[in-house]
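Report on the following structure.
The values are calculated or read from the model by the stated rules, or taken from the named source; none is laboratory data. Since we're looking at a predicted model, the values are computed, not measured. Here Cβ is always computed from backbone atoms with ideal geometry, including for glycine, and neighbour counts include all displayed protein chains.
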Amino acid sequence: MNASRQQRYRRLAELVARAKRIVLATHERADGDAFGSLLAFRQLVLAGRTVVALAPESSPSGYAFLPGIETVVTEAESVTVDDADLVMLFDCGDVQRTHLAEKLYFLGAHRPFVALLDHHPTRTTWRDRQLVDLAIVETAASSTSELVAEYCAANGISVSPAAATALLTGIVTDTGGFQNLSTTLEAMETAAELLKRGANLRRIVQATMRTKSLRTLQLWGRALERLVRDPATGTVSTALTLQDLRECGVDLDSTESTEGIANFLNSLEDARIILVLREKSGGLIKGSLRTKQPDVNVADLAAVYGGGGHTKAAGFTVAGEIVRGERGWSVQEKK
């Protein structure tokens, strides 16, 4: 940990110490790292304070084993920020994805202090106004959960077994069970320390890596059946429609229908890039990109479509329709 980041962690601890009401928020349709970092921080700051944890448009049931998951608010409209002393954003990639950007924007100079912890390249402005006062971003980290653990170490904060389980969930899910390229020495060392603190790795793996419903596997079967490899680029692509999700009885907002499949396909031996396209309501298409190649940056590819993410895992959402061509699946503008 460099001196600059350690100083920012200490500054954040000072802000937390003075705050009486804290709003914690992560991105829409939260994943394991989003829930892990959010709920661990909630555990750390809860004593003697009013704390609201927001994960907009999410399905917390998928992480029902995490302590405190029942307290997570999924409707941003019900969360007020004007009376907060501190707003903390986690793992969002873009402040707009927390669904709080508009509220913070219109409060102007009267908005609360806003801090951010993220391991994505993060957009901290909305309508050209800076909304984040303290940004702690480290793209080399495996996960935002790793940064929360680092924050605790920098400030001598004891991590409970519940918080350790939440943080290890974030690391396990964002490293693909310690198998993808974000699995660094620092991530492994942090995981080991969390295990010492009482994190329940067996429960995490059982819930996030080994449990798949029959309906989910039926949906995955359709995606696997449609795999196409472009020999020119090494891109392997597939696609799922709204009809697929309905017929398989899968939640239309399920992250397993894109991210889960993309992560699974990233183990393909002869694939340079994985692309999973999923039709959403309202004429939108969600794309998930993955790679395990050291010379490929899928975040740059996602940015072409207005998306973003990590160098090895990124995504985008665009208006259009899914089409199949000779070289694979793609999105084209509706006629």
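Per-residue answers, yes or no, for (1) polar (S, T, N, Q); (2) out of contact with any Lys or Arg (no Cβ under 9 Å at 6 or more places or on another chain):
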{"position": "18", "(1), (2)": "no, yes"}
{"position": "23", "(1), (2)": "no, yes"}
{"position": "46", "(1), (2)": "no, yes"}
{"position": "61", "(1), (2)": "yes, yes"}
{"position": "65", "(1), (2)": "no, no"}
{"position": "85", "(1), (2)": "no, no"}
{"position": "94", "(1), (2)": "no, no"}
{"position": "108", "(1), (2)": "no, no"}
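Name the strands (runs of 3 or more DSSP E) wholly inside region 1-112 in which the number of residues that are among the aromatic types (Phe, Trp, Tyr), surrounded by fewer than 21 Cβ atoms within 10 Å (Cβ to Cβ) and not assigned by TED's automatic domain parsing to the domain that holds residue 251 is 1 or more.
none
Quick one: which of 223, 191, 187 is assigned to a helix (DSSP H, G or I), surrounded by 14 or more Cβ atoms within 10 Å (Cβ to Cβ) and in contact with a strand residue (DSSP E or B) (Cβ under 8 Å, 6 or more places away or on another chain)?
223
Considering region 312-329 alone, what residues qualify as being more than 17 Å from residue 239 (Cβ to Cβ) and free of Cβ contacts under 8 Å to residues at least 40 places away in the same chain?
Within region 312-329, 314 is the sole residue that qualifies.
Looking for something under 30 Å from residue 156 (Cβ atoms) and not in a helix (DSSP H, G or I) - is there at least one such residue anywhere in region 200-207?
yes
Conditions: (1) more than 20 Å from the chain's Cα centre (by Cα); (2) in contact (Cβ under 8 Å) with a residue 24 or more places away in the chain; (3) closer than 29 Å to residue 6 by Cα. Residue 196 meets all but one. Number of the miss?
The number of the failed condition is (2).
Residues being buried (at least 20 other Cβ atoms within 10 Å of the Cβ) and assigned to a helix (DSSP H, G or I): count how many of those fall in region 145-161.
Summing the residues that are buried (at least 20 other Cβ atoms within 10 Å of the Cβ) and assigned to a helix (DSSP H, G or I) in region 145-161 gives 8.
Is at least one residue of region 229-238 at pLDDT 95 or above, within 26 Å of residue 292 (Cβ to Cβ) and of a type in the set (A, V, I, L, M)?
yes
Of the numbered conditions (1) crowded, with 17+ Cβ neighbours inside 10 Å; (2) assigned by TED's automatic domain parsing to the domain that holds residue 266; (3) part of a loop (DSSP other than H, G, I, E, B), residue 181 satisfies every one except a single condition; which is it?
(2)
Evaluate region 253-266: report whether one residue or more is assigned to a loop (DSSP other than H, G, I, E, B) and more than 18 Å from the chain's Cα centre (by Cα).
The answer is no; no qualifying residue exists.
Scan region 267-317 for residues that are among the β-branched types (Val, Ile, Thr), crowded, with 22+ Cβ neighbours inside 10 Å and either touching a helix residue (DSSP H, G or I) at 6+ places or on another chain (Cβ under 9 Å) or assigned to a loop (DSSP other than H, G, I, E, B) (or both) and report the count.
Total meeting the criteria: 3.
For residue 306, are the conditions met, namely being at positive phi and either out of contact with any Gly (no Cβ under 8 Å at 6 or more places or on another chain) or assigned by TED's automatic domain parsing to the domain that holds residue 236 (or both)?
Spelling it out, residue 306 is indeed at positive phi and either out of contact with any Gly (no Cβ under 8 Å at 6 or more places or on another chain) or assigned by TED's automatic domain parsing to the domain that holds residue 236 (or both).
Is there a residue being within 26 Å of residue 171 (Cα to Cα), out of contact with any Pro (no Cβ under 6 Å at 6 or more places or on another chain) and surrounded by 21 or more Cβ atoms within 10 Å (Cβ to Cβ) anywhere in region 196-217?
yes
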